[in-house]
Amino acid sequence: MDGAGGRAVDASADGGRGAVLRAGGVRRRVARWGPAAVGALLGVLALWPALGPGFVLRYDMVFVPDPPLVFPASGFPRAVPSDQVVAALAAVLPAELVQKGVLLGIFVLGAAGAGALVPRDRVLARLATAAFYAWNAYLAQRLLLGQWALLLGLAGLPWAVRAARGRWWHLALALLPAAVGGFQAMLVTAPAVLAVSGWRRPRGLALLAVFSLPWAVPALLAGATTDPRGVDAFAARADGPFGTLGSLLSLGGIWNAAADVPGQGSWLLAAARLVLAAVAVAAYVALRRGWGGAGAPGGERPAYWAGLLVAASAGLAVACAGAFAPGAVRALIGLWPGFGPLRDGQAYLAPLVLLEALGFGAAVAGITMPVRPAALAARGAALLVPVLVLPTFAFGAFGRLTAVEYPGEWRRVQAIVNADPAPGALLTLPWGAYRAFRWNPGGGVVLDPATKLFARRVIRDDSLPVRLGDGRVLRLAAEDPRARRVGRLLGAPGGRTAALRAEGIRYVLILRPYENVFLYRLPEARIIFGGREVLLLRL
Amino acid sequence: MLRVIAALAVGAVLAVGASVAVVNVAAPTPEPPNQPLYNYGGR
């Protein structure tokens with residue numbers, strides 16, 4: 001009996017140890033892969049209609065089938081090297097899959113990185129941090145403005161913060177997403193990397209400089225200008241009932257009303273987001289005493305704590321400068337156009353997004369209840385809070401991010417022009433940068449797809465009209481000198497064929513509703529293709 | 001016990017707020033015009 005009883009006790013102990021080990025294994029796996037899984041889940045929820053066949057076209061997000069590998073010859077290199085990387089990937093994968101991969105990758109990479117900044121023994125805090133980082137107003141608004149390249153910077157930011165004090169090649173790897181994203185992605189990443197790595201580690205600055213070369217060199221050579229009045233157009237502003245500062249603290253406040261998540265301005269949800277932001281910031285400040293777990297023994301302060309706080313404060317200050325002291329930003333841009341990127345100050349909230357995500361994770365970890373199951377349930381339920389305070393980001397912000405197919409005639413025009421070896425630029429008309437197509441009902445306004453379709457220089461109007469709150473329309477001057485010249489040519493009366501030829505233009509692409517405005521001014525042009533929507537002329 | 005009740009209340013308010021927002025937004029949007037827009041946006 002004893003023996004039998006002894007064996008029974010031993011077996012039970014083995015089983016108990018096994019269960020504990022299995023539970024530990026599951027816990028480790030959840031801690032390791034959970035944040036990425038949370039990112040993937042939230043990404044699918046946010047992008048659901050965008051994951052169908054076709055392309056998502058919205059504001060600055062223009063992906064096209066078979067994009068050619070071209071480099072901008074003049075103007076500010078906004079899409080460098082992001083467009084070239086997309087073109088290279090599209091050489092081996094369908095371009096629409098590349099777009100979906102990039103968009104979903106932003107959620108997965110960002111969430112996994114944010115989670116990785118939390119000690120492994122804080123599993124729910126990791127998941128909560130990941131959830132907040134993958135579902136917030138900043139990410140939603142920038143996505144609705146089509147700024148996927150900037151969001152690559154947001155996705156890589158936590159990894160860059162994590163690697164800022166580590167080996168140089170870790171940091172190089174962590175900076176890759178921002179490097180691919182281009183100028184804005186690098187600019188929102190740089191303050192956090194510099195502040196976390198500290199001035200005694202110059203390799204952060206060196207790597208940032210090297211990875212910025214693809215866009216910095218063309219930018220310096222382009223002769224592009226920045227209209228200082230852009231500060232008024234692109235300054236952060238209120239997107240809810242709590243003013244500009246309340247909007248910024250809630251990680252919103254983007255300048256363009258069309259980039260708002262539908263319904264985000266309601267009192268209840270705006271208040272909930274502001275309270276959540278306040279709780280997250282307070283919890284982050286409390287993190288100076290550490291996470292209190294095994295990952296930070298003895299309540300050690302996380303290595304990134306002070307640096308991230310500095311970067312987030314600086315980002316908030318830049319965002320506030322455009323809104324509350326626009327004269328100062330205008331003066332800086334007037335002094336040197338290189339300060340131009342400061343005009344869209346809300347973009348620099350990226351480190352604050354990470355700070356609040358970590359603070360939210362810390363707050364979730366700090367939830368206590370009288371009984372352990374209730375505490376676990378409350379912490380688990382708290383993971384849903386980021387989604388509940390911005391629920392209408394789901395399903396492509398309710399149809400605003402929806403995949404559509406290009407009409408066949410766009411592909412035909414692309415094939416005709418790209419098969420022509422003769423040099424010469426393509427002019428896209430009417431003379432305005434943005435379009436709205438009936439076949440793209442969810443997307444609304446989108447940058448002219450002609451700018452990405454052709455393996456030759458495409459000349460477009462890069463001036464930007466923006467309606468201000470008082471009803472005035474502010475037209476920001478074109479940045480590209482060649483576009484300015486062509487704009488002046490088009491503005492002059494009479495036939496323009498010879499003048500456009502002299503400017504090096506070989507093709508003119510006209511949207512059908514505007515053919516009568518331009519055709520009579522191009523009398524010697526030959527119609528190469530005429531579809532229901534587009535007309536292609538050769539000069 | 002008070003904390004449990006507070007957590008439940010917060011959860012309920014957030015769930016109701018989210019539901020109202022979703023119902024309000026899930027309405028059809030007008031078709032965009034098939035023309036270039038000279039107004040990029042604004043607030």
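FYI, it's all coordinate maths here, none of it is from the lab. Keep in mind that this is a model prediction, so the values were computed, not measured. Quick reminder, even Gly has a Cβ in these numbers, built from the backbone with ideal geometry, and neighbours come from all protein chains shown.
The chymotrypsin sites (Phe, Trp or Tyr not before Pro) found in region A:126-229 that occupy coil by DSSP, while having at most 16 further C-beta atoms within 10 Å, are A:199.
Helices assigned as whole DSSP H runs in chain A whose Cα atoms extend at least 18 Å along their own long axis and whose mean Kyte-Doolittle hydropathy is -1.0 or higher are found at A:2-47, A:95-116, A:148-163, A:168-181, A:183-197, A:203-222, A:267-286, A:305-324, A:350-365.
Between amide H atoms placed 1.01 Å from N, distances below 5 Å from residue A:534 occur with A:512, all of them 5 or more places distant or on a separate chain.
Applying both filters, DSSP loop and at most 11 other Cβ atoms within 10 Å, to the trypsin sites (Lys or Arg not before Pro) of region A:68-167 gives A:167.
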